[in-house]
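My structure is below; once you've seen it, I'll send some questions.
The values are calculated or read from the model by the stated rules, or taken from the named source; none is laboratory data. These numbers were taken from a predicted model, which means no experiment stands behind them. Cβ placement follows ideal geometry from the backbone for every residue including glycine, while neighbour counts extend to all protein chains displayed. For the accessible areas, the whole protein counts, side chains as well, though only heavy atoms, and no ligand, DNA or RNA atoms are used. Shrake-Rupley method; radii C 1.70, N 1.55, O 1.52, S 1.80 Å.
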Amino acid sequence: MMTELLKRANEIKDKLVSWRRTIHQNPELGLELPQTSAFVQKQLDEMGISYTTIVNGSGVLAQLGPKEGKCFMLRSDMDALPIQEETGLPFASCNAGKMHACGHDLHTAMLLGAARLLKEREEALEGRVVLMFQAAEETASGARTMVEEGVLDGVDAALA
């Protein structure tokens, strides 16, 4: 199974890189992630994965698998830092004074990749998988707000 998943991940590598670069070019801060959240929602829509938005629309919570059984959460963070990018990369930040300098662009792309792989194997899931795309990790307010909105209700284990 792991060999099959690795093979499939390699097959979608170009898509993952494209997602990461799109997110990297459009960094947003804190709890204000309208473009990033919309991008994540668009990808989930294209995959046929249901989701809800939380934290005033900036956080995204998706679910796969059966409603019964154990629930496992995968989490990524989506916000950037208030830093001016000076890398000169062709996919550098288009938003002055904002940059994905901490890897959250990669975290988001990786969770979208996991979403795609899980969706392709959804029938084989023996429990529910929750995908949490978190806003405001850098300010430490996103997790608190999402927990207050109930994201951990019914979750048996989580991995970030």
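State, as an integer percentage, the relative contact order of the chain based on alpha-carbon contacts under 8 Å between residues 6 or more apart.
This gives 33 percent for the chain.
Turning to a different aspect of this structure: Hey, in the GNM for the chain with a 10 angstrom Cα cutoff, which one of Met47, Met132, Met99 fluctuates hardest?
Among Met47, Met132, Met99, the largest mean-square fluctuation in the Gaussian network model of the chain belongs to Met47.
Report the residue, chosen from Glu120, Glu137, Glu85, that carries the largest GNM mean-square fluctuation when the chain is represented by alpha-carbon nodes joined by springs under 10 Å.
Of Glu120, Glu137, Glu85, the Gaussian network model singles out Glu120 as fluctuating most.
With a 1.4 Å probe and all protein chains left in place, how much of the accessible area of the chain comes from carbon and sulfur atoms, in whole percent?
Percent of accessible area from carbon and sulfur atoms in the chain: 54.
So, in nm, how far is label Lys67 from label Lys7 when the simple model puts each one 7 Å beyond its Cα toward the Cβ?
It is 3.6 nm.
Which residue, Glu149, Glu68, Glu138, tops the fluctuation ranking in a GNM of the chain built on C-alpha contacts under 10 Å?
In the Gaussian network model the winner is Glu68.
Would you calculate a helix-derived [θ] at 222 nm for the chain, using -39,500 (n - 2.57) for each DSSP H run of n ≥ 4 and dividing by the full residue count, to the nearest 500?
Counting only the DSSP helices, I get -12000 deg cm²/dmol.
Would you work out the relative contact order for segment 8-83, in percent, from Cα pairs under 8 angstrom that are 6 or more residues apart?
31 percent
Which is the longest part of the chain that has none of the trypsin sites (Lys or Arg not before Pro) sitting in a DSSP loop with at most 15 other Cβ atoms within 10 Å?
Counting at most 15 other Cβ atoms within 10 Å as exposed, the longest clean stretch of the chain is 1-66.
Also, quick follow-up: Go through Lys42/Lys67; Lys70/Lys98; Lys7/Lys70; Lys15/Lys98 and tell me which ones have a Cα-Cα distance over 29 Å in this structure.
Beyond 29 Å between Cα atoms: Lys70/Lys98.
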